Amino acid sequence: MTARILNGNTIRDQIYSELQQQIQELRGLGIRPGLATVLVGDNPASKIYVTSKIAACEQLGLGSWRFTPPATVTTEELLALVEDLNNRDDVDGILVQLPLPRQVDTKRVLEAVDPAKDVDGFHPANLGRLVSGRPGLVACTPVGVMEILRRSGATIEGANAVVLGRSDIVGKPTALLLMHANATVTICHSKTKDLPVVVRRADIIVAAMGRTAMVTPDWVKPGATVIDVGINKVTDAAQAERLFANFPQRLEQFRAKGSTLVGDVHPDVASVAGAITPVPGGVGPLTIAMLMSNSVKAARLRRGNRAAQPAGAEKA
Ligand code: GUN
């Protein structure tokens, strides 16, 4: 069997075209949703992420602002910036790119963001709303995982879902969303006993533990749906040869570039799974799409009935 490839770029394009319509309607009401990004210091990966987020805003016609405090910024200075953005009426969403430098109290900064503008869904108030199933802003990657599952026709209700990883940003919220969608959810982590046996019971596997190619074909029930949240850079040629022994094209790409991205799922799982997200081009594009969606949602939530969401559009 060869798994159906769940193409994140195609799903992102669908979501963008739906968002474009909503943004057009909001602009007809004189509302232009806007996202403020805060990028501290010069972490190269963070720079790339924030640049992609701003490019997505521009593509969709959202307002965007980029604040770039130096790596030496203090907690108090960041708190003052966040407070300023909380008070600005033209800013609907605030995104503080992580990680922050060591001297900054990250929790204090994230908790200072107005929950109504918390498009990352990291504020405890939004996590609490998610736990209790009330409307709020939910972290982008978990919502993206659910969008892939729903839009690719996976049966979630009654399914055995295994989430690998228990981070606040991905594992925990994804497990909650799956549970709200009536899956039977098991959360696994580094101390889980008989991990391959537990994973093999799953109809849906969400791999988010940050370990290169850890999920191997023998862990996967034939026909299972596999969502790979991992993004790991491989630069070792011998490791690439092993991982892509059955994928000569990927090996060629590795040789040309000297590096490649690999998920938490071994590429050979595609020969066992029923459906699988590729890395790159699976969950990644959805994370930014859901950030755009959350920015539009934040604009609606903050501006009340005047910009009420169309009936049936609420999914998370
Ligand atoms: N750093 C890595 N991923 C993320 C994310 O989703 N949001 C923010 N704010 N920072 C990140």
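The values are calculated or read from the model by the stated rules, or taken from the named source; none is laboratory data. This is a predicted model, so every value here is computed, not measured. We place every Cβ from the backbone using ideal geometry, glycine too, and count neighbours over all the protein chains shown.
Contact map, region 138-159: first residue under 20 Å from S295 (Cβ atoms) and in contact (Cβ under 8 Å) with a residue 24 or more places away in the chain, second residue surrounded by 18 or more Cβ atoms within 10 Å (Cβ to Cβ) and of a type in the set (F, W, Y), Cβ cut-off under 7 Å, separation 6 or more or different chains; pairs are A139/F122.
Selection of region 123-145 for residues being hydroxyl-bearing (S, T, Y) and either more than 12 Å from the ligand (Cβ to nearest atom) or at pLDDT below 95 (or both) yields only S132. Selection of region 188-217 for residues being part of a loop (DSSP other than H, G, I, E, B), of a type in the set (A, V, I, L, M) and surrounded by fewer than 19 Cβ atoms within 10 Å (Cβ to Cβ) yields only M214. Looking at region 266-291 only, could you name the residues that are polar (S, T, N, Q) and closer than 16 Å to G144 by Cα? T277, T287, listed by residue number.
Consider A3 against the criteria (1) touching a helix residue (DSSP H, G or I) at 6+ places or on another chain (Cβ under 7 Å); (2) free of Cβ contacts under 8 Å to residues at least 12 places away in the same chain; (3) of a type in the set (G, A, S): it satisfies all of them except one. Which criterion is unmet? Evaluating A3 over (1) touching a helix residue (DSSP H, G or I) at 6+ places or on another chain (Cβ under 7 Å); (2) free of Cβ contacts under 8 Å to residues at least 12 places away in the same chain; (3) of a type in the set (G, A, S) leaves (2) as the failure. Can you confirm whether A116 is closer than 27 Å to T174 by Cβ, surrounded by fewer than 15 Cβ atoms within 10 Å (Cβ to Cβ) and not aromatic (F, W, Y)? No, not satisfied.
Kindly evaluate L79 against the criterion of being in a helix (DSSP H, G or I) and either away from the ligand (no atom under 14 Å from the Cβ) or farther than 30 Å from E18 by Cβ (or both). Outline the logic, then answer.
Numbers: in a helix (DSSP H, G or I): yes; either away from the ligand (no atom under 14 Å from the Cβ) or farther than 30 Å from E18 by Cβ (or both): yes.
Yes: the conditions hold for L79.
The set of residues in region 123-137 being in a loop (DSSP other than H, G, I, E, B), free of Cβ contacts under 8 Å to residues at least 60 places away in the same chain and either under 23 Å from I156 (Cα atoms) or of a type in the set (A, V, I, L, M, F, W, C) (or both) consists of S132, G133, R134, G136. So for region 54-67 (the condition being within 11 Å of the ligand (Cβ to nearest atom) and among the aromatic types (F, W, Y)), does at least one residue qualify? Checked against the condition, which is being within 11 Å of the ligand (Cβ to nearest atom) and among the aromatic types (F, W, Y), region 54-67 yields no hits at all.
Checking each residue in region 2-50 for being more than 30 Å from V272 (Cβ to Cβ) and among the basic types (K, R) picks out R27, R32, K47.
Within region 38-54, the set of residues being of a type in the set (A, V, I, L, M) and touching a strand residue (DSSP E or B) at 6+ places or on another chain (Cβ under 9 Å) comprises V38, L39, V40, V50, I54.
Residue under question is S52, and the condition is that it be of a type in the set (G, A, S) and in a helix (DSSP H, G or I); does it hold? Answer is yes for this residue. Out of (1) closer than 23 Å to D114 by Cα; (2) surrounded by 14 or more Cβ atoms within 10 Å (Cβ to Cβ); (3) charged (D, E, K, R), what's the single condition that is false for E83? For E83, the failing item is (2). Among the candidates D228, D194, D203, the residue that is at pLDDT 95 or above and more than 24 Å from the chain's Cα centre (by Cα) is uniquely D194. For region 19-37, a residue qualifies if it is over 18 Å from L291 (Cα atoms) and without any contact (Cβ under 8 Å) to a residue 12 or more places away in the chain, and the qualifying residues are E25, G28, G30. Can you name every residue in region 167-187 that is part of a loop (DSSP other than H, G, I, E, B) and either of a type outside the set (V, I, T) or buried (at least 20 other Cβ atoms within 10 Å of the Cβ) (or both)? Listed by number, the residues that qualify are S167, D168, V170, A181, N182, A183.
Of the residues making up region 91-122, those that are touching a Ser or Thr at 6+ places or on another chain (Cβ under 8 Å), more than 14 Å from the ligand (Cβ to nearest atom) and either assigned to a helix (DSSP H, G or I) or at pLDDT below 95 (or both) number 1. The single condition from (1) among the charged types (D, E, K, R); (2) closer than 20 Å to G93 by Cβ; (3) more than 16 Å from the ligand (Cβ to nearest atom) that R151 fails is (2). Looking at the structure I just gave you, is D264 out of contact with any strand residue (DSSP E or B) (no Cβ under 8 Å at 6 or more places or on another chain), surrounded by 17 or more Cβ atoms within 10 Å (Cβ to Cβ) and of a type in the set (D, E, K, R)? So D264 fails the test.
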